[in-house]
1. Specify the inter-centroid distance of the range 68-121 and the range 1-47, based on alpha-carbon positions, in whole Å.
2. Can you give me the accessible area per residue for the chain, using a 1.4 Å probe, in Å²?
3. Given a 1.4 angstrom probe, I'd like the percentage of the accessible area of the range 49-135 that is carbon and sulfur, rounded to a whole number.
4. Hey, could you get me the Stokes-Einstein D for the chain, Kirkwood radius over alpha-carbon pairs, 25 °C and 0.890 mPa s, rounded to whole µm² s⁻¹?
5. Below 8 Å, C-alpha to C-alpha, sequence gap of six or more: please give me the relative contact order for the chain in percent.
6. State the extension gain, in nm to one decimal, for the chain segment bounded by Leu96 and Ala28, taking 0.36 nm per residue of separation less the distance between their alpha-carbons.
7. Compute the projected area of the convex hull of the Cα atoms of the range 77-135, averaged over all viewing directions, and report it in nm² to one decimal place.
8. What's the FRET efficiency of Val44 with His10 using the Cβ-Cβ distance as r and R₀ = 25 Å, to the nearest 0.05?
Amino acid sequence: MDFLVTLHGHNRWLVVAAWVVALVAVLASSLQKSNPSVPRTAVVPLLVLLGLFALQFLLGSVIFIQKWTGWANVPHYRWEHMVLMIGSLVLLHLPLRWRRRLPTSRWRLRTTLLLVVVGILGFLGVARLPEGWLG
């Protein structure tokens, strides 16, 4: 159990790094000349971010289920953390759905805004924990 908690704690920094890379990649794709489709250099970092975030979700779910067997005993900040992170994970799926349905310029704008929202939700989700970003 301690191993999973440690892995969950360290993996968050990989998620943060992947988020920064994905945001920079989408912003950099906005500086390119108009492409008829979304560039692969913007999609691959999103896929990596989604994969790392999904791994983080799986680790957190296992920890949550193992540690908190009685639902009434779960502290409120754990619920808030879980809800914010699940919301972030759901939102991260949207740019990949939009990829072929939206014009490239709209995709870039929406994806950039969505990544900012996901970053805010993720920051708040970790900040809600007693150990926060320092733990």
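The values are calculated or read from the model by the stated rules, or taken from the named source; none is laboratory data. Nothing here was measured: the structure is a model prediction, and the numbers come from that model. Don't worry about glycine lacking a Cβ; one is built from the backbone with ideal geometry, like all the others, and counts go over all protein chains shown. Side chains are part of the model used for accessible areas, which takes the heavy atoms of the whole protein and leaves out ligands, DNA and RNA. Shrake-Rupley method; radii C 1.70, N 1.55, O 1.52, S 1.80 Å.
1. 13 Å
2. I get 61 Å² per residue for the chain.
3. For the range 49-135, the apolar C and S fraction of the accessible surface comes to 70 percent.
4. Details: Rh = 15.8 Å.
Stokes-Einstein gives a translational diffusion coefficient of 155 µm²/s.
5. Relative contact order comes out at 33 percent.
6. On the way: separation 68, 0.36 × 68 = 24.48 nm, distance 1.75 nm.
Residue separation times 0.36 nm, minus the Cα-Cα distance, leaves 22.7 nm.
7. Result: a mean projected hull area of 4.0 nm².
8. 0.65
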